[in-house]
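Working notes, beginning with the structure itself.
The values are calculated or read from the model by the stated rules, or taken from the named source; none is laboratory data. Being a predicted model, the structure only gives us computed values, none of them experimental. Neighbour counts are summed over all protein chains in view; Cβ atoms, including those assigned to glycine, are modelled from backbone coordinates with ideal geometry.
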Amino acid sequence: MSGAVVSVRVGKITAYERPAWDHVKSRPYTTAFRKAEVTGPVHVGPLGLEGDEQADKKFHGGPEMAVLMYADAHYATLLQGFNYYGALSGEQMTRRYFGTQAGGTAKMLVTGAEYNVAWGRLLRYPVELSPNGPDVFSSFFVNFASVDSKDPDFDGRKFLKFGTELTWRWQRWLAFTGRVDRVIPNSKDPLESFTVICPRILLKTDWLSHETVTIAYTRWFYGAHTHTEFPNAYSPGQLDEQMLSLTFGLWF
């Protein structure tokens, strides 16, 4: 295997003004993220390339992160940070949805809808009910995506996910909920489709508080061709079919 260096870039710490919509208090901000291409030989030392700087020494630079290298791939490996529709990078988007024959370029239409109903408030309207009292809630949701790609294996592929969730709030501190999801990850192979059911018990100190203890059971019903996507290519025989979980959530 052989390779060649296509481009070497360095950058200096520079101050920039934040845009008007950015409400971060520290302005201006400093960064060396913008790198300029250099020509000719560049000395590489224990702390990086000569002429290169890092504004945030905690997460960049130093002997453990002296040089950052990217592969000059024909697909979109360089789109790091591109997080959309179940992909964490451009490479994942390419391999999962666009196809490598498309060179990392394609069109993806994504749409979705969700409808929520509080049945107690609806049926008793206009009587005002306690926000913490017993009630039944239901949610209906659907997500759809389609791909327009130059890769024939991926062109015209459609993705569909829909389901419903029903919650019975018995007490302000206790609720029971159940959810069903139907996932069709590849319209070209119906045997990849699968179904998920998940009953849960929710415990809260107060229904309007921001901490929840959840006891959940999850059951997957896989199709004959159901599999995980790149980079974790697991077949149905390698996937768990059941899970019992206890989680604690706290947010502000």
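Search region 210-225 for residues being surrounded by fewer than 16 Cβ atoms within 10 Å (Cβ to Cβ) and hydrophobic (A, V, I, L, M, F, W, C), and hand back the single one that is farthest from Asp181 (Cα to Cα). Taking the candidates together, the pick is Val213. Screening region 1-29 for residues that are of a type in the set (A, V, I, L, M) and closer than 26 Å to Gly45 by Cα and picking the one that is modelled with the lowest pLDDT gives Met1. Scanning region 179-230 for residues that are acidic (Asp, Glu), in a strand (DSSP E or B) and closer than 21 Å to Leu250 by Cβ yields one hit, Glu211. Residues that are assigned to a loop (DSSP other than H, G, I, E, B) and over 17 Å from Ala15 (Cβ atoms) within region 30-53 comprise Thr39, Gly40, Pro41, Val42, His43, Pro46, Leu47, Glu50, Gly51, Asp52, listed in sequence order. Taking region 141-160 as the search range and keeping residues that are surrounded by 15 or more Cβ atoms within 10 Å (Cβ to Cβ) and under 12 Å from Thr100 (Cβ atoms), which one is farthest from the chain's Cα centre (by Cα)? Result: Asp151. Restricting Phe154, Phe159, Phe140 to residues that are closer than 22 Å to Pro199 by Cα and out of contact with any Lys or Arg (no Cβ under 8 Å at 6 or more places or on another chain) narrows the list to Phe140. Criterion first (assigned to a loop (DSSP other than H, G, I, E, B) and in contact with a Leu (Cβ under 9 Å, 6 or more places away or on another chain)) does Ser146 satisfy it? No; evaluated as a whole, the condition is false for this residue. Candidates in region 118-138 are the residues that are under 36 Å from the mean Cα position of the chain (by Cα) and part of a helix (DSSP H, G or I); of these, the one that is surrounded by the fewest Cβ atoms within 10 Å (Cβ to Cβ) is Leu122.
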